[in-house]
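Scroll down for the structure; my scribbles are underneath it.
Only the coordinates and a few stated rules stand behind these numbers; no lab work does. Keep in mind the model is a prediction, meaning the values are calculated, not measured. Here the Cβ positions follow ideal geometry from the backbone for every residue, glycine too, while neighbour counts run over all protein chains shown.
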């Protein structure tokens, strides 16, 4: 299994500012995922972060708005830049690890960062 | 039409009732996940299925690959089961359903 921590757990920010969210995993993992969950909506993948290479962004998300760092196999950051109220969401990081029952992967999620932009 | 559909969207139950949440999908998948999200936002992975049936405590998950359908059952439901239950299917990435909000009353 994996234990994932995120900082901050929640924040209230002013529009136009930026916030960096940290994700720490207690295991070394190749791929880390960043998701956004807007109020009342399902999770949407923002990007996949591999250590040693640039993050891969999904359609609708760009590096200038959501820069990601992945300096090692246990840590990643997501920055929400030039924030607007539409960025108010829960941001979650996630990893895949081999399941206990076999080689198939199990998805583990961090506790989330609840962001409110005023 | 969403690639992953869940039903019902909202569900209320009395403590002790048997609960079923359904998930249908329209894409080819490698695995299907059932997740639980509590009001604070944290998500816990309950099951990952690629065939058949899995059981963990009072939770049972089944999948029918041919029909592209999965169900999550909760036996002897309890107020602490109150949460949003999310179905997600794995292709080259996870595609999430919109969730089923379950409230269990004492």
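The table below gives the values:
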| read-out | value |
| --- | --- |
| Estimated Rh, the protein assembly as shown: Kirkwood, alpha-carbon pairs, angstrom | 18.1 Å |
| Computed E for residue B:5/residue A:28 - FRET, C-beta separation, R0 35 angstrom, nearest 0.05 | 0.45 |
| Cβ-derived FRET efficiency at R0 22 Å, residue A:53 paired with residue B:92, nearest 0.05 | 0.85 |
| For region B:21-60, alpha-carbon Rg and Dmax in angstrom | 11.7, 32 |
| Chain A, relative contact order [Cα under 8 Å, separation at least 6], % | 36 percent |
| Gain in span if fully extended, residue B:18 to residue B:75, counting 0.36 nm per residue against the direct Cα distance | 20.0 nm |
| Residue B:27-residue A:38 pseudo-label distance in nm [points 7 Å out on the Cα-to-Cβ vector] | 1.9 nm |
| Translational diffusion coefficient (Stokes-Einstein; Kirkwood radius from C-alpha pairs) of chain A at 4 °C, 1.567 mPa s, in µm²/s | 90 µm²/s |
| Förster radius 35 Å - calculated FRET efficiency between residue A:73 and residue A:17, Cβ distance, rounded to 0.05 | 0.70 |
| Cα Rg, Dmax (largest Cα-Cα span) when computed across region B:35-106, Å | 12.6, 41 |
| Relative contact order computed over chain B (Cα-Cα under 8 Å; 6+ residues apart), in percent | 38 percent |
| Translational D in µm²/s for region A:1-46 (Stokes-Einstein at 10 °C, 1.306 mPa s, Kirkwood Rh from C-alpha pairs) | 123 µm²/s |
